[in-house]
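Visitor: Take a look at the following structure, please.
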Amino acid sequence: MLNFLNTYFYPFIRSIQLTDVIDIILVAFIVYNVIKFVRQTRAAQLLKGIAILLVIMYLSDWFQLNVINFILLNTMQVGVTALLIVFQPELRRALEHMGRSKFGSIFSFEEHKNAEDIIDEICLAVNSMAKTKTGAILVFERKTKLDDMLTGGTLINSTISSELIENIFVPNTPLHDGAVVVRNGKIYKAACVLPLSGNKNLSKEFGTRHRAGLGISEQSDCVSLVVSEETGKISVMVNGDMIRNLSVASLSRLLNKLITEPDQEKMKNLRFWKGRDSK
């Protein structure tokens, strides 16, 4: 054992340089984050399938099954391009996440002092709509611009008030059927059509509003707020997670955490809310 250490182990340790240690740490960090990201998307199941195909390909080469090996080898070469197309939404989301140094805010620095007043107006409108079971969906834009994800919509560019929000979502009015987008502390657009969620495990109890709110949160860093037309319950979606059955008081605290105090650690703490009802 001592001979082994003197012959192989100690020379190997002495040959390691600081750059090698940094290199290994960086690779480990990248691999960890890639695995963490993949586990949160539909890519996990596809990667398992690719791993199985790779095992079969090497086994076919080992047992000299030339035809199968040829087919699999050429399929894998073409498959690299196919993967870029299939995983385009996930890759885009990952690159956008890398480009954000920190979670953004719908309010500029100068407007932070008015943020609580704006959230109060939003909560006042949501409370009224929840009581009357008026369906509504509001999307709060943060770092990622949403223009290329929105279809249609009417430009409003107005100061936020509870009366205006309630009037927009009055049933059978021109702007009620769609989402209101909030940008820089103002109502930017109304009657916007959002991309629906691709989550196949989403319960059938959720209608188009919930699927749209969840869908836009999956593709950007925005915050979505939905009032159910059937039950009047309040839900918030962020990063593809849904926080359900919020009271108005809980909604106010949550919006303040997500919007006026954007912070990575506070975002992590929101996993405590995930899948739970809030009173």
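Visitor: If you take the residues in the range 177-194 that are open to solvent by 40 Å² or more (accessible area, probe 1.4 Å) and assigned to a loop (DSSP other than H, G, I, E, B), which one is farthest from ILE119 (Cα to Cα)?
Guide: Per the stated criteria, the residue is ASP177.
Visitor: Given (1) without any contact (Cβ under 8 Å) to a residue 24 or more places away in the chain; (2) surrounded by 21 or more Cβ atoms within 10 Å (Cβ to Cβ); (3) hydroxyl-bearing (Ser, Thr, Tyr), where does THR173 come up short, assuming only one miss?
Guide: (2)
Visitor: Checking the condition under 24 Å from SER220 (Cα atoms) and out of contact with any Phe, Trp or Tyr (no Cβ under 9 Å at 6 or more places or on another chain), which residue from GLY185, GLY178 passes?
Guide: When all the criteria are applied, what remains is GLY178.
Visitor: Suppose we filter LEU155, LEU138 for residues that are assigned to a strand (DSSP E or B) and open to solvent by less than 10 Å² (accessible area, probe 1.4 Å); which single one remains?
Guide: Among LEU155, LEU138, only LEU138 is assigned to a strand (DSSP E or B) and open to solvent by less than 10 Å² (accessible area, probe 1.4 Å).
Visitor: For the subset of the range 229-248 comprising residues that are more than 19 Å from THR132 (Cβ to Cβ) and either in contact with a Leu (Cβ under 8 Å, 6 or more places away or on another chain) or not charged (D, E, K, R) (or both), which member is most open to solvent (accessible area, probe 1.4 Å)?
Guide: The residue in question is ASN239.
Visitor: Just the residues that are among the aliphatic types (A, V, I, L, M), open to solvent by less than 70 Å² (accessible area, probe 1.4 Å) and either at pLDDT 75 or above or farther than 25 Å from ILE35 by Cα (or both), please, taken from the range 54-83.
Guide: LEU54, MET57, LEU72, MET76, listed by residue number.
Visitor: Same structure again: Please verify whether the range 264-275 includes one or more residues that are in a loop (DSSP other than H, G, I, E, B), surrounded by 16 or more Cβ atoms within 10 Å (Cβ to Cβ) and either at pLDDT 85 or above or hydroxyl-bearing (Ser, Thr, Tyr) (or both).
Guide: Within the range 264-275, none of the residues are in a loop (DSSP other than H, G, I, E, B), surrounded by 16 or more Cβ atoms within 10 Å (Cβ to Cβ) and either at pLDDT 85 or above or hydroxyl-bearing (Ser, Thr, Tyr) (or both).
Visitor: Give the residue, chosen from SER217, SER224, that is in contact with a helix residue (DSSP H, G or I) (Cβ under 7 Å, 6 or more places away or on another chain) and surrounded by 22 or more Cβ atoms within 10 Å (Cβ to Cβ).
Guide: After applying the criteria, what remains is SER224.
The values are calculated or read from the model by the stated rules, or taken from the named source; none is laboratory data. Please read all numbers here as calculations on a predicted model, not as lab measurements. Virtual Cβ from ideal backbone geometry, glycine too; neighbours counted across all protein chains shown. Quick note on the areas: whole protein, heavy atoms, side chains included, nothing else; ligands and nucleic acids left out. Shrake-Rupley method; radii C 1.70, N 1.55, O 1.52, S 1.80 Å.
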